[in-house]
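These notes are about the structure you will find just below.
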Amino acid sequence: MASYILRKTIRRLPGVVIKAVPKPRPEVVEGFRSREQAGRICKELGFQSCLIVTDQTLYSLAYHEIIILALEENGIKATVFHDIASEPTVQIVEAGEAAALECGADCVIALGGGSVLDATKMIVSALRLHRLPVKSLVHKFLYVPHKSVPMISIPSTAGTGAEITVGAVITKSNKGAKGSTVVFGLNIVRVILDSELTIHAPRGVTAACGIDALSHGLEGVVASVHVPDADMRESMECVKLVLEHLPVVLETPECEASRLAMSRAAMYGGNAINEQLAGYVHAFAHSIGALYHIPHGRAIALSLLPVMRFQKEACVEKLAELSVYCGLADGADDPATAADKLLNAIGTLIAACDFPDKGAFIREEDYPLLVKRIANDSINYSAPVVLKKKDILRILDEINGKE
């Protein structure tokens, strides 16, 4: 009860804090093979030396070579750092910072998924604070005076929205402890959405990333944080785009238009994280994923509908408006009916992704630990309701098929 009262009392604090964080507002370039425009962009911005940060997989596929050629054609020095692992560590950030200092980089280009993008955020921040050890920068909040070194984001997946978010997750120690850092002063100057980078993604990766993006937009719509109409419209558009285009790319992976639409949806979802934060879908998914080593997309798919159904009454008007926006309901539907049409469409989409609809692996003896973790994680978000212990237990039962 004490935990519930505390969470109820401070439920609006995360929204207040996130409003105080300056957000990047980069120009966006998009299209098939649009990463080849990186040279022109860097020349226009006056950069002379760029470090390209990528992971070993993308490096082996030579996706960075177009960027190198474009930079060199525009008289810009290009250097590649490709040591990013699936979970970037302090040591990797230190190595990336050293590579940037060695080549005199005045811009860092991130080419990759969430791990590459997060590592690059810390690299460009560390470059401004290079007299401090990287380990000392991995805290809840990091203030970078006069902004970080400029960063250009080129995401290779369409899900996390990390190309635009101000947060970065870094493994802090050899024990595997992770730290999530919100960067004040992150200077993302351009986002390049290149559909060629996602077109060969495996079906499972496409599905997981798409459902992740959907959850960002959906939780942004129902969040308790008030935002300008433009931000709310991006969250709604995120959901609409995923509902329309994820089924297309699952069946027709080479569809460039739908691949680009999914990249746009992911970026809009990233904006939702920046402006409205997430909610209990992510609190459940983070806790279940960490305890049972379940990929994030699958954990989101398991948690999304049980959480949204439980809190439907608290945000039924918002869900109804979103349903109409997505073309699933019309003015003749009452709010509850319109909301159900939206949730049913999401359920159909999750089923089409071939995710298991139940988490039978969740053990009842783990419930006390999960309840504690979910409650603690939810303090960071702006959900439309505050769940009591019995509410969390009820949702867990639905997730693992006991209801």
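Condition test on VAL227, is it surrounded by 18 or more Cβ atoms within 10 Å (Cβ to Cβ), not charged (D, E, K, R) and not in a helix (DSSP H, G or I)? First the steps, then the outcome.
Numbers: surrounded by 18 or more Cβ atoms within 10 Å (Cβ to Cβ): yes; not charged (D, E, K, R): yes; not in a helix (DSSP H, G or I): yes.
Against the criterion (surrounded by 18 or more Cβ atoms within 10 Å (Cβ to Cβ), not charged (D, E, K, R) and not in a helix (DSSP H, G or I)), VAL227 qualifies.
Given the condition open to solvent by 20 Å² or more (accessible area, probe 1.4 Å), assigned to a helix (DSSP H, G or I) and in contact with a Pro (Cβ under 6 Å, 6 or more places away or on another chain), answer yes or no: does some residue in the range 388-400 qualify? So far as the range 388-400 goes, yes, one or more of its residues are open to solvent by 20 Å² or more (accessible area, probe 1.4 Å), assigned to a helix (DSSP H, G or I) and in contact with a Pro (Cβ under 6 Å, 6 or more places away or on another chain). Quick one: is GLU163 charged (D, E, K, R), in a loop (DSSP other than H, G, I, E, B) and either modelled with pLDDT of 95 or more or open to solvent by less than 10 Å² (accessible area, probe 1.4 Å) (or both)? The answer is yes for GLU163.
Scan the range 280-300 and tell me whether some residue there is of a type in the set (S, T, N, Q), crowded, with 24+ Cβ neighbours inside 10 Å, out of contact with any Leu (no Cβ under 7 Å at 6 or more places or on another chain) and part of a helix (DSSP H, G or I).
Taking the range 280-300 first, the residues of a type in the set (S, T, N, Q) are 287.
Retained after the next criterion (residues that are crowded, with 24+ Cβ neighbours inside 10 Å): 287.
In the following step, the residues that additionally are out of contact with any Leu (no Cβ under 7 Å at 6 or more places or on another chain) were identified as none.
No, the conditions are met nowhere in the range 280-300.
Residues considered: LEU328, LEU319. Of these, the only one that is farther than 22 Å from LEU396 by Cα, touching a residue at least 12 places away in the same chain (Cβ under 8 Å) and open to solvent by 40 Å² or more (accessible area, probe 1.4 Å) is LEU328.
When restricted to residues that are surrounded by 19 or more Cβ atoms within 10 Å (Cβ to Cβ), out of contact with any Lys or Arg (no Cβ under 8 Å at 6 or more places or on another chain) and free of Cβ contacts under 8 Å to residues at least 40 places away in the same chain, the range 348-375 contains 0. Applying the criterion of being free of Cβ contacts under 8 Å to residues at least 40 places away in the same chain and assigned to a helix (DSSP H, G or I) to the residues of the range 245-256, the residue that is most open to solvent (accessible area, probe 1.4 Å) is GLU251. When the range 371-387 is filtered for residues that are part of a helix (DSSP H, G or I) and under 26 Å from ALA207 (Cα atoms), the ones remaining, listed by number, are ILE374, ASP377, SER378.
The values are calculated or read from the model by the stated rules, or taken from the named source; none is laboratory data. On a predicted model such as this, the values are computed, not experimentally measured, just so you know. All Cβ positions, glycine included, derive from the backbone under ideal geometry; neighbour counts span all protein chains shown. When the accessible area is computed, the model is the full protein with side chains, heavy atoms only, and any ligands, DNA or RNA have been set aside. Shrake-Rupley method; radii C 1.70, N 1.55, O 1.52, S 1.80 Å.
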